[in-house]
1. Can you give the extra length, in nm with one decimal, that the chain gains between residue 382 and residue 309 once fully stretched, where that is 0.36 nm per residue apart less the Cα-Cα distance?
2. Between residue 264 and residue 140, with labels modelled 7 Å along Cα→Cβ, what's the label distance in nm to one decimal, could you check?
3. Which order do the peptides 336-344, 430-438 take when ranked by the mean count of other beta-carbon atoms within 10 Å per residue, highest first?
4. Expressed as an acute angle from 0 to 90° and rounded to the nearest 10, what is the orientation of the C-alpha long axis of helix 277-289 relative to the principal long axis of the chain?
5. May I ask you to derive the relative contact order of the chain, considering only C-alpha pairs under 8 Å and at least 6 residues apart, and to give it as an integer percent?
6. For the pair residue 203 and residue 85, what calculated FRET efficiency results from E = 1/(1 + (r/R0)^6), where r is the Cβ-Cβ distance and R0 = 45 Å, to the nearest 0.05?
7. Is it possible to state the helix-based mean residue ellipticity at 222 nm for the chain, with each DSSP H run of 4+ residues giving -39500 (n - 2.57), the sum divided by total residues, to the nearest 500 deg cm²/dmol? What is it?
8. Per 0.36 nm of contour for each residue apart, how much would the distance between residue 168 and residue 216 grow if the chain were fully extended, relative to their Cα-Cα spacing?
Ligand code: NAD
């Protein structure tokens, strides 16, 4: 799973050489495997209501919890991990802060505890989302959490990540999607998610009966599933209990049939740019499986050229596949009463759609378009209890990125806090989480799966 450079600097003289020359030292990330134990011990810092709620939830999941007040003073157990096993995660409950000065004690306490954080550890902040309706000092304190966390994530090494959960007004830390997000961020499922915030906008959603099968009973459609990220999404959703319909162009029919077979799902050969693609998807899912709960818009293409050299065909084909087809399919889904309660749409965007990328004006237009579409669709789906979200991958090791010239490829994969490319599996895990009932309170969000890719945040 690791690239050649990561394998080389992981052992013996390769490791010594990288250290001496100050070269990146990526490590193999802790990824989810079925039967995964959540990491522990977890240090929970904070004395607001969220600290109590989150500590209790963690204990109910069988995690060893150590607690510390805002100033890091231990309330039970050793706060800094001294004398005990290394900490595997630090949860910083900052929901009660009111002024920027209130950040200092808990954040500095977390800083001290970092010395005891194990490799592939987690730092997770839980705080309230800043709003323009807040008093200026309150908004400053709340926004301050984001700056601190994003910087801290850049300081962490050895595969550790830092992410945050933002609570909207009226949502408390015990809401299903807060606990769902906490579990996702602690787990190996979020291995390549770093420096990101998930906003929980409502108390909707439900925790799964069996955390190993959060998609039990659901029917999901995944487009572009014959290979790469799409095939990983199909496999991950099937592992999590969903019945999966895999979709790809007729030319990829053989590979598609193999994926369908592997996931015990069904294959639909379909070019998503066809005008009736949405109706065909619905007809297949309802006819073969009796329902449709989740649609993952993953199919995408690149036709890179500097704008000065861009021709009509390159521009138009990227727009047609990456955004126009999704819009048309969503219209058909929303027109159907059978795409009902608890519906989920998850679209694959890209960090290029956020930060822009040289040679990708067409691709970035389409991927930024996906973000706009998801925000607008979220409001429309809310009426039927559904959600729409986007996942924005950074550099992921696939056939698409294998075509990037060698030097650019090597730079691309090191330019993030985890100093490596992500795996298709990493994108798939984030999508599976957003498609689950546990994420019912998260909608209109863009979750980057990019190892905290440096360009554009
Ligand atoms: P890939 O080229 O390996 O796979 C894309 C799949 O989509 C292919 O199987 C292809 O046949 C299918 N497809 C293309 N046009 C289609 C159409 N009209 N109808 C149906 N299927 C169609 O790409 P990938 O790297 O797995 O990327 C998957 C998604 O992730 C894309 O949307 C891509 O833009 C996005 N993405 C990838 C990366 C990365 O680093 N690989 C980064 C950011 C975003």
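Please treat every number below as a calculation from the coordinates, not as lab data. Since the structure is predicted, the reported quantities are computational estimates derived from the model, not experimental observations. Because the Cβ atoms are built from the backbone with ideal geometry, glycine has one as well, and the counts that use them run over all protein chains shown.
1. Result for the pair: 22.1 nm of gain on full extension.
2. The modelled label-to-label distance comes out at 5.9 nm.
3. With the highest mean Cβ count within 10 Å placed first, the list reads 430-438, 336-344.
4. The answer is roughly 80 degrees.
5. Dividing the mean separation by the residue count of the chain yields 14 percent.
6. 0.85
7. Mean residue ellipticity at 222 nm (helix-derived): -11500 deg cm²/dmol.
8. Additional length available on full extension: 14.4 nm.
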